[in-house]
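Heads up, the thing below is written out as structure tokens.
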Amino acid sequence: MKTTLRIALATALSTAALSTAAPVTAAPTAAEPPQYVALGDSYAAAPLVPPPDPADPMCLRSLAGYPRVAAEELGARLTDVTCSAADTDDLSTSQFPGTAPQYDALTPATDIVSVTIGGNDTDVFSEALDCVNTLPEPHGTSCAEENTAGGTDEVRARIDAWAPVFGTALDEIARRAPNAEVFVVGYGNYLRTDGCHPAQPFWKQDANYIQGVVNHLGAVLRRTAEAHGATFVDTYTLGIGHDICAAPADRYIEGLTSARQAAPLHPNAAGARAIGEALAAAVRATSAPSPGTGTALPKAS
């Protein structure tokens with residue numbers, strides 16, 4: 001736990017709480033808010049969720065994605081460089097003309113870093129699209145059977161092979177932002193047990209397979225984060241009852257046909273808010289003083 005982050009959050013959030021409690025006539029404080037950099041792919045960028053971020057149109061980044069929600073909760077100054085379709089290579093190289101490598105946003109002054117990455121490196125969501133079967137069994141092909149033929153799960157094997165690449169990325173983040181706390185935000189709850197065919201066109205075994213693969217990626221993200229000094233933020237649990245089979249008004253992640261403004265199989269505004277609030281809670285928990293050493297951090301108002 002970085003002392004600078006604790007001080008920055010305590011100052012920013014306490015100032016916010018006090019400013020709403022009573023009028024202040026004294027000169028405003030010059031304390032700097034915590035500096036927060038968001039890295040990652042479309043799960044963080046929240047493509048098609050309004051309003052769009054005009055700073056980098058090619059990235060299809062929303063101004064209502066989870067980084068913005070977390071920054072508001074924490075009273076932090078956000079630099080959001082998340083970008084749809086990003087993979088780990090795009091952290092260090094330009095993804096589109098005029099789009100800087102995401103690592104470039106990191107400095108020794110950075111206090112908080114969040115990152116969601118890996119879904120594109122491992123083709124998890126491309127595989128999900130290959131699992132679509134609009135007709136009932138046996139009129140189609142099971143992706144679960146195809147990907148596990150021969151006794152090896154090809155997708156899980158790709159995830160396992162990618163894990164050291166992610167570890168190297170976390171080390172690079174720590175090198176560029178040595179004073180920051182790093183939070184790895186996992187992928188969420190897409191499909192409940194057995195799915196909901198034909199409402200969402202995945203057969204039972206394939207729905208379970210897809211979510212199982214997403215869960216495996218989450219487990220690898222968690223293990224790698226912990227091994228490299230980062231904190232993992234679970235978004236599966238908060239999504240229970242809010243998967244793509246839920247009623248449209250209850251969904252945090254949209255189905256293949258979006259009921260609300262969001263890209264298919266991506267968080268909508270409600271999902272981004274829930275994830276952002278979970279991230280903010282994780283930041284506060286990590287930055288809270290040890291028992292007997294101080295008071296808990298307030299929420300920003």
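So how tilted is helix 269-287 from the main axis of the chain? Cα-based, degrees 0 to 90, rounded to 10. Orientation of helix 269-287: about 50 degrees from the principal axis. For the chain, the spread of Cα coordinates along the three principal axes comes to 73, 45, 39 Å, biggest extent given first. DSSP bridge analysis restricted to the chain gives an antiparallel fraction near 10%, rounded to the nearest 5. Helical runs assigned H by DSSP (4 residues or longer) give the chain a calculated mean residue ellipticity at 222 nm of -12000 deg cm²/dmol, each run adding -39500 (n - 2.57) before division by the residue total. Counting 0.36 nm for each residue step from ALA109 to ARG158 and taking away their Cα separation leaves a gain of 14.1 nm.
A simple rule links phi to the HN-Hα coupling: the Karplus curve 6.51 cos²θ - 1.76 cosθ + 1.60 with θ = phi - 60°, which for segment 136-151 gives x, 4, x, 8, x, 10, 7, 5, 4, 5, 5, 7, 10, 4, x, x Hz, with x for Gly and Pro.
Taking amide H atoms as placed 1.01 Å from N in the peptide plane, the amide H of GLU181 lies under 5 Å from those of ILE112, VAL113, each 5 or more residues away in sequence or on another chain. If you take all other residues with their beta carbon under 10 Å from the beta carbon of GLY65, and give Lys and Arg +1 and Asp and Glu -1, the sum is +1. In this structure segment 103-210 gives 43 Å² per residue of accessible area when probed at 1.4 Å with all protein chains present.
For the pair segment 37-112 / segment 214-274, the C-alpha centres are spaced 17 Å from each other.
Here the accessible area is traced with a 1.4 Å probe on the protein chains. For the chain, carbon and sulfur cover 57 percent of it.
Database remark: amide H of GLY118 closer than 5 angstrom to the amide H of THR88 (H placed geometrically; neighbours at sequence offset of 5 or more, or on other chains; Pro and chain starts carry no H). Taking a ≥ b ≥ c as the square roots of the eigenvalues of the alpha carbon gyration tensor, segment 97-154 is prolate, as a/c is not under 1.5 and a/b beats b/c.
Summarise the long-distance tail of P(r) for segment 144-270 by giving the % of C-alpha pairs beyond 21 Å. Tail fraction, whole percent: 49. Coupling constants for segment 78-83 follow from the phi torsions by the Karplus curve (6.51 cos²θ - 1.76 cosθ + 1.60, θ = phi - 60°), and in residue order they are 9, 10, 9, 10, 4, 8 Hz; glycine and proline get x.
For ALA31 and ILE240, FRET efficiency with R0 = 30 Å and r from the beta-carbon atoms, rounded to 0.05? Using R0 = 30 Å, I get an efficiency of 0.20.
Near the amide H of PHE232, within less than 5 Å, lie the amide hydrogens of VAL184, all on another chain or at least 5 residues away, with H placed in the peptide plane.
The values are calculated or read from the model by the stated rules, or taken from the named source; none is laboratory data. No experiment lies behind these values; they were computed from the predicted model shown. When we count neighbours, we look across all protein chains shown, and the Cβ atoms used for this are built from the backbone with ideal geometry, even at glycine. Calculation scope for accessible area: heavy atoms of the full protein, side chains included, ligands and nucleic acids excluded. Shrake-Rupley method; radii C 1.70, N 1.55, O 1.52, S 1.80 Å.
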